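A.B. asks: Right, I'll just put the structure down here and ask away after.
The values are calculated or read from the model by the stated rules, or taken from the named source; none is laboratory data. No experiment lies behind these values; they were computed from the predicted model shown. Here the Cβ positions follow ideal geometry from the backbone for every residue, glycine too, while neighbour counts run over all protein chains shown. Only protein heavy atoms, including side chains, enter the accessible area calculation; ligands, DNA and RNA are left aside. Shrake-Rupley method; radii C 1.70, N 1.55, O 1.52, S 1.80 Å.
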Amino acid sequence: MIKFRVFAATAVLLGLASPAITTASAENGEVNVYTYRETKLVQPLFNAFTADSGIKVNVVSASSGLEQRIKAEGANSPADVLLTVDIGRIDEAVAAGVTQPIRSETIDKVVPAQYRDPDGHWAGISMRARVIYASKDRVKQDAITYEEMADPKWKGKICIRSGQHIYNNGLFAAYVARYGEAKAEEWLRGLKANLAQKPSGGDREAARDVAAGKCDIGIGNTYYWALMMNNDPEKKPWAEATRVILPTFQGGGTHVNLSGVLLAKHAPNRANGVKLIEWLIGEKAQQIYADSNYEYPIRVGVAINPTIAGYGKLNADSLPISKIAANRKAAATLVDKVGFDN
Amino acid sequence: MTAILVAAPVVSIVALAMHPAPDVWRELTAYVLPLAMIDTALLLGGVGALALSIGAGAAWLISLHDFRGRGLLLWLMPLPLAIPTYMAAYVYADLFEPLGLVHRTLAVWFPLRDVVAVLPNLRSMPGAIVVIGLVLYPYVYLSARTMFQFQSAEFGEAARTLGASRWNVFWRVSLPMARPALAVGLALVSLETLNDIGATEYLGVRTLTVSIFTTWLNRGSLAGAAQLSCFMLAIVAGLIAVERYGRRNVETEFSAESPRLTPRTRLDGIRGWSAFAACLLPVLLGFVVPVLFLLQQSFRRGLLANFDLSLGRDAFNSVAFATLATLMALALGFATILAWRWRPGPLRLAAMNISQTGYALPGLVLALGLLTPVLAIDNGINAIAGWLGRSLPGLILVGSGAAVVIAYVIRFLAVPTGLIKAGYERIPRDYDDSARAAGAGQATTMRLIHLPLLRPAMLGAVIIVFVDCLKELPATLLLRPLNVDTLATSIYQFASRGSFEDGALAALLIVAASIGPVAWLTRFSDVPSGPA
């Protein structure tokens with residue numbers, strides 16, 4: 001019956017819009033993935049998975065709201081697996097009650113405890129760090145702490161995107177988790193006072209603004225720098241004008257965020273979903289992930305891409321991801337309270 | 001019927017807002033709302049003023065004058081419509097930012113540092129106003145043109161015999177008479193601006209919509225976001241009411257005796273060239289520059305040489321969704337207005353007003369609001385099938401992409417409704433009465449009198465809705481079925497990885513898909529000039 005339902009959905013799909021869908025609900029079946037990752041990024045992975053397992057992967061990607069969609073779809077939801085790019089979305093999905101524990105020995109063995117849910121509702125599959133793009137000419141320091149970013153010595157020298165963007169929200173939430181709201185507020189005010197211009201643009205623009213001399217340090221994610229350096233000749237000069245410094249918390253490590261994976265509560269192809277999840281943390285997938293999107297693999301022993309390795313050794317902060325997620329709202333409120341974006 | 005369709009997501013959002021979120025709301029009113037209101041007002045005011053002056057000015061020049069190059073402009077003027085606002089923001093930031101093309105070109109002659117000092121900072125409120133205004137002015141232009149070109153000659157002539165200058169005629173006769181159409185165009189511009197998330201966030205402007213988005217995502221408060229949405233709906237309703245109040249007692253119908261059209265005034269020499277240049281400039285900035293940039297990127301990145309076949313499929317999906325939605329929106333809009341025209345009543349007035357609120361919902365909020373009712377139907381169908389002992393059909397509306405089409409129809413229904421209503425306001429009821437006296441029924445009257453006179457308004461609506469559907473992003477992202485992409489979602493995939501230039505070809509395909517209908521329709525929308 002379930003099989004027929006998927007088949008029927010596929011058939012309707014075919015009828016309307018997508019010549020791409022072949023009715024390959026073959027012997028091994030299929031798995032339906034809802035993802036916050038762009039399909040163009042994950043498609044090579046899924047192709048490799050299909051080649052390995054014979055299981056066809058159907059994908060829908062969005063920038064937000066997928067957990068709301070799964071919730072509204074209810075028991076008839078075709079979703080098996082949800083891929084996210086940020087702890088915030090992981091948190092939302094669990095809170096919306098649209099997930100179920102994955103229960104997989106492989107995951108427990110491969111994914112460090114810090115990067116998975118104690119109850120088994122989610123697991124990380126890769127990491128990115130929030131770091132500094134420092135001017136090669138104007139920044140002499142080799143090590144900078146997050147705390148130090150609020151130091152008046154950087155006055156008018158820092159560029160950053162909107163304080164409400166999820167990447168910054170994660171970093172600020174980590175600060176709140178570590179020091180509490182009052183200290184975090186003070187730090188945010190200091191950071192704001194050091195900004196060269198109103199927060200705007202994206203992470204790439206932070207590197208460009210440094211290259212153009214608007215500011216001395218830009219804040220961005222690890223993989224954007226590698227993408228500019230390796231995949232985009234036009235943007236290469238922006239990366240070349242800067243070097244990546246992995247900042248740390250005093251007495252701690254570098255702030256990392258996770259892209260994670262969850263199993264949908266009513267997953268119609270549950271077994272295939274678990275297979276896909278276990279495959280994604282396998283060596284092959286982790287290597288594809290690391291090389292195609294320049295992220296830190298979650299699996300120990302998988303080679304880090306040379307560009308990323310060139311930043312120096314990552315000492316990821318030991319604060320549990322769940323603690324950071326729990327402080328997201330507080331961080332968002334503080335950003336508005338100090339008028340960070342104004 | 002139409003009203004129920006549009007009301008569904010609104011009711012759903014209101015229901016969401018009912019969930020208490022007191023803490024969030026207190027914080028929002030304290031820290032977020034005041035500044036978001038100011039930024040929103042500044043942006044709306046600025047973009048509105050810019051779009052109005054370009055759109056109305058160009059429409060007046062082109063409709064009531066004749067000059068060299070006019071034929072070309074007829075085709076060119078609406079084209080910026082095909083450029084998504086977020087794309088324009090990326091392109092212009094890229095061109096004018098330090099190390100961008102403009103900077104590097106100037107740096108050939110001047111020291112790099114000096115150039116940085118004089119470059120305009122586009123990531124700012126003025127930058128956002130200019131960039132957004134340049135691509136949204138066609139909304140005003142298209143609706144104003146349908147008005148200007150049918151303006152009866154005698155008013156202007158009367159004014160001229162009384163000694164008014166051409167300029168005076170424009171200000172004191174043509175413009176006031178075109179007010180309903182200008183209001184529709186301006187409303188579309190304002191609502192598009194209000195809906196934008198991509199361009200505004202990127203350029204560093206914090207509007208209400210951006211606040212709704214971050215409230216939901218970072219505070220995890222759907223209720224708070226829904227409350228902000230309701231707040232925004234109230235503002236929009238207020239704006240519409242003010243506009244209605246301002247228009248009370250304004251009679252804009254033709255005089256029944258003389259539907260003689262204004263002859264176009266010939267502009268020669270320097271005046272003709274000035275008129276041409278004045279109209280060409282916004283097209284250059286709003287369309288030609290972005291397209292050239294996208295073309296250059298497509299070539300440089302070898303996107304054409306290694307054409308991605310999946311783009312063809314995305315283009316097909318885009319056009320299919322947009323065509324279906326356009327036809328439905330036009331039919332529903334026409335039916336709603338016709339019902340009101342034939343038998344006005346409070347219920348039908350309410351229906352008409354409700355069917356215009358869809359545009360006021362940001363695409364993402366609309367999609368969220370639509371999830372519940374649409375999936376309730378889907379789940380209901382499954383429940384019935386299960387109860388009958390049949391095999392479950394799955395999620396039909398969402399799985400087939402029908403949900404995307406429904407979202408488009410709801411979102412853009414305001415366009416045909418508004419334009420057709422403005423068009424009808426110019427058709428005197430005398431015509432209906434005369435037709436009836438001559439023995440014609442309602443259907444005949446509609447076919448022989450209303451439809452021909454409404455054609456420009458309808459064609460304008462078709463262009464706008466079709467192109468808007470092609471560009472729509474947030475609702476498409478959330479509601480589309482598995483394995484289906486459109487051109488807009490394909491661009492988004494690149495942009496979210498921080499390299500929107502790799503989506504240049506997809507953006508050009510949106511432009512290409514839009515040029516067809518725009519060009520085809522402008523061929524029919526230019527009426528012959530009245531006798532001199």
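A.B. asks: Can you tell me which condition B:ALA325 does not meet? The list is (1) open to solvent by 70 Å² or more (accessible area, probe 1.4 Å); (2) within 14 Å of another protein chain (Cβ to nearest Cβ); (3) within 19 Å of B:ALA457 (Cβ to Cβ), and all the others hold.
C.D. replies: It fails just one condition, (1).
A.B. asks: Need a quick list: helices (runs of 4 or more DSSP H) entirely within the stretch A:229-342 having at least 3 residues that are within 14 Å of another protein chain (Cβ to nearest Cβ) and open to solvent by 30 Å² or more (accessible area, probe 1.4 Å).
C.D. replies: It comes to A:236-240.
A.B. asks: How many residues does the stretch B:435-454 contain that are farther than 26 Å from B:LEU182 by Cβ and in contact (Cβ under 8 Å) with a residue 12 or more places away in the chain?
C.D. replies: The total comes to 5.
A.B. asks: Taking only pairs six or more apart or across chains, which ones have beta-carbon atoms under 7 Å, a first residue in the stretch A:46-71 that is surrounded by 22 or more Cβ atoms within 10 Å (Cβ to Cβ), and a second residue that is of a type in the set (Gly, Ala, Ser) and in a strand (DSSP E or B)?
C.D. replies: So the pair list comes out as A:ILE70/A:ALA264.
A.B. asks: Just give me the residues in the stretch B:74-105 being of a type outside the set (Ser, Thr, Tyr) and open to solvent by 10 Å² or more (accessible area, probe 1.4 Å), in sequence order.
C.D. replies: Narrowing the stretch B:74-105 to residues of a type outside the set (Ser, Thr, Tyr): B:74-84, B:87-89, B:91, B:93-104.
Answer for the stretch B:74-105, where residues must be of a type outside the set (Ser, Thr, Tyr) and open to solvent by 10 Å² or more (accessible area, probe 1.4 Å): B:LEU74, B:TRP75, B:LEU76, B:LEU79, B:ASP94, B:LEU95, B:PHE96, B:LEU99, B:LEU101, B:VAL102, B:ARG104.
A.B. asks: Looking at B:LEU303 and the list (1) within 14 Å of chain A (Cβ to nearest Cβ); (2) part of a helix (DSSP H, G or I), which single condition is not satisfied?
C.D. replies: (2)
A.B. asks: Could you count how many residues in the stretch B:513-532 are modelled with pLDDT of 65 or more and open to solvent by 60 Å² or more (accessible area, probe 1.4 Å)?
C.D. replies: Count: 3.
A.B. asks: Could you tell me which numbered condition A:ILE102 fails, if it satisfies all but one of (1) assigned to a loop (DSSP other than H, G, I, E, B); (2) hydrophobic (A, V, I, L, M, F, W, C); (3) farther than 24 Å from A:LYS323 by Cβ?
C.D. replies: Among (1) assigned to a loop (DSSP other than H, G, I, E, B); (2) hydrophobic (A, V, I, L, M, F, W, C); (3) farther than 24 Å from A:LYS323 by Cβ, A:ILE102 violates only (3).
A.B. asks: Sticking with this one: Free of Cβ contacts under 8 Å to residues at least 60 places away in the same chain and surrounded by fewer than 24 Cβ atoms within 10 Å (Cβ to Cβ), is that true of B:GLY71?
C.D. replies: yes
A.B. asks: Looking for something over 28 Å from B:ILE212 (Cβ atoms), part of a helix (DSSP H, G or I) and away from chain B (no Cβ under 11 Å) - is there at least one such residue anywhere in the stretch A:156-168?
C.D. replies: Looking through the stretch A:156-168, none of the residues is over 28 Å from B:ILE212 (Cβ atoms), part of a helix (DSSP H, G or I) and away from chain B (no Cβ under 11 Å).
A.B. asks: Right, another one. Does B:GLY238 satisfy the criteria of being buried (at least 24 other Cβ atoms within 10 Å of the Cβ) and either more than 8 Å from chain A (Cβ to nearest Cβ) or assigned to a loop (DSSP other than H, G, I, E, B) (or both)?
C.D. replies: No, not satisfied.
One line per residue, one yes/no per condition, for (1) of a type in the set (S, T, N, Q); (2) open to solvent by 40 Å² or more (accessible area, probe 1.4 Å):
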site	(1), (2)
B:TRP273	no, yes
B:VAL288	no, yes
B:PHE307	no, yes
B:LEU311	no, no
B:ASP314	no, no
B:ASN317	yes, no
B:ARG341	no, no
B:PRO346	no, yes
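A.B. asks: Would you be able to tell me the number of residues in the stretch A:189-222 that are in a helix (DSSP H, G or I) and open to solvent by 10 Å² or more (accessible area, probe 1.4 Å)?
C.D. replies: Start the filter on the stretch A:189-222 by keeping residues that are in a helix (DSSP H, G or I), which leaves A:189-193, A:203-211, A:222.
Keeping just the survivors that are open to solvent by 10 Å² or more (accessible area, probe 1.4 Å) gives A:189-190, A:192-193, A:204, A:211.
The number of residues fulfilling the criteria is 6.
A.B. asks: Going through the stretch A:107-123 one residue at a time, which ones are open to solvent by 10 Å² or more (accessible area, probe 1.4 Å) and assigned to a loop (DSSP other than H, G, I, E, B)?
C.D. replies: The answer is A:PRO112, A:ASP117, A:PRO118, A:ASP119, A:GLY120, A:HIS121.
A.B. asks: Another question, then. Within the stretch B:347-426, considering only helices (runs of 4 or more DSSP H) that don't extend past its boundaries, which have at least 1 residues that are over 16 Å from B:LEU478 (Cα atoms)?
C.D. replies: B:363-387, B:402-412, B:414-425
A.B. asks: Would you mind finding the one in B:LEU448, B:LEU508 that is modelled with pLDDT under 85 and open to solvent by 10 Å² or more (accessible area, probe 1.4 Å)?
C.D. replies: Step by step, each of B:LEU448, B:LEU508 is checked, and only B:LEU448 is modelled with pLDDT under 85 and open to solvent by 10 Å² or more (accessible area, probe 1.4 Å).
A.B. asks: If B:LEU392 satisfies all but one of (1) within 12 Å of chain A (Cβ to nearest Cβ); (2) open to solvent by less than 10 Å² (accessible area, probe 1.4 Å), what's the number of the condition it fails?
C.D. replies: Going through (1) within 12 Å of chain A (Cβ to nearest Cβ); (2) open to solvent by less than 10 Å² (accessible area, probe 1.4 Å) one by one, B:LEU392 breaks only (2).
A.B. asks: Give A:SER104, A:SER126 a once-over and let me know the one that is crowded, with 23+ Cβ neighbours inside 10 Å, more than 30 Å from B:GLY380 (Cβ to Cβ) and of a type outside the set (A, V, I, L, M, F, W, C).
C.D. replies: Values: A:SER104 fails: crowded, with 23+ Cβ neighbours inside 10 Å.
The conditions single out A:SER126.
A.B. asks: In the stretch B:296-305, how many residues are surrounded by 14 or more Cβ atoms within 10 Å (Cβ to Cβ) and over 30 Å from the mean Cα position of the chain (by Cα)?
C.D. replies: Matching residues across the stretch B:296-305 total 1.
A.B. asks: Out of B:ALA187, B:ALA164, I need the residue that is open to solvent by less than 50 Å² (accessible area, probe 1.4 Å) and either modelled with pLDDT under 80 or more than 23 Å from the chain's Cα centre (by Cα) (or both). Which one?
C.D. replies: Numbers: B:ALA187 fails: either modelled with pLDDT under 80 or more than 23 Å from the chain's Cα centre (by Cα) (or both).
From the options B:ALA187, B:ALA164, the qualifying one is B:ALA164.
A.B. asks: Something else: Return yes when B:ALA183 is in a helix (DSSP H, G or I) and within 14 Å of another protein chain (Cβ to nearest Cβ) and no when it is not.
C.D. replies: Answer is no for this residue.
A.B. asks: Look through the stretch B:14-33, keep the residues that are away from every other protein chain (no Cβ under 12 Å) and within 21 Å of B:LEU366 (Cβ to Cβ), and return whichever of them is nearest to the chain's Cα centre (by Cα).
C.D. replies: Among them, the one singled out is B:VAL14.
A.B. asks: Within the stretch B:190-212, take every residue that is open to solvent by 10 Å² or more (accessible area, probe 1.4 Å) and more than 21 Å from B:ALA237 (Cα to Cα) and give me the one that is nearest to the chain's Cα centre (by Cα).
C.D. replies: Here the answer is B:GLY198.
A.B. asks: Could you please find all residues in the stretch A:138-151 being in contact (Cβ under 8 Å) with a residue 60 or more places away in the chain and part of a loop (DSSP other than H, G, I, E, B)?
C.D. replies: Within the stretch A:138-151, A:ARG138, A:VAL139, A:GLN141, A:ASP142, A:ALA143, A:ILE144, A:TYR146 meet the criteria.
A.B. asks: So, of the residues in the stretch B:107-139 that are open to solvent by 10 Å² or more (accessible area, probe 1.4 Å), in a helix (DSSP H, G or I) and away from every other protein chain (no Cβ under 13 Å), which turns out to be farthest from B:LEU295 (Cα to Cα)?
C.D. replies: Among residues in the stretch B:107-139 that are open to solvent by 10 Å² or more (accessible area, probe 1.4 Å), in a helix (DSSP H, G or I) and away from every other protein chain (no Cβ under 13 Å), the one farthest from B:LEU295 (Cα to Cα) is B:VAL118.
A.B. asks: In the stretch A:63-99, how many are charged (D, E, K, R), over 26 Å from B:ASN382 (Cα atoms) and either over 16 Å from the mean Cα position of the chain (by Cα) or outside any helix (DSSP H, G or I) (or both)? Quick ask: steps written out before the conclusion?
C.D. replies: Here is the first cut: in the stretch A:63-99, the residues charged (D, E, K, R) are A:67, A:69, A:71, A:73, A:80, A:86, A:89, A:91-92.
So of that shortlist, the ones also over 26 Å from B:ASN382 (Cα atoms) come out as A:86, A:89, A:91-92.
Subsequent filtering for residues that are either over 16 Å from the mean Cα position of the chain (by Cα) or outside any helix (DSSP H, G or I) (or both) retains A:86.
Residues meeting the conditions: 1.
A.B. asks: Now for a different question. Across the stretch B:34-64, what is the total count of residues that are within 14 Å of chain A (Cβ to nearest Cβ) and either open to solvent by 20 Å² or more (accessible area, probe 1.4 Å) or free of Cβ contacts under 8 Å to residues at least 40 places away in the same chain (or both)?
C.D. replies: 6
A.B. asks: Let me ask another. Specify which of the listed residues (B:PRO9, B:PRO20, B:PRO80, B:PRO98) is outside any helix (DSSP H, G or I) and farther than 19 Å from B:THR215 by Cα.
C.D. replies: Answer to the check: B:PRO98.
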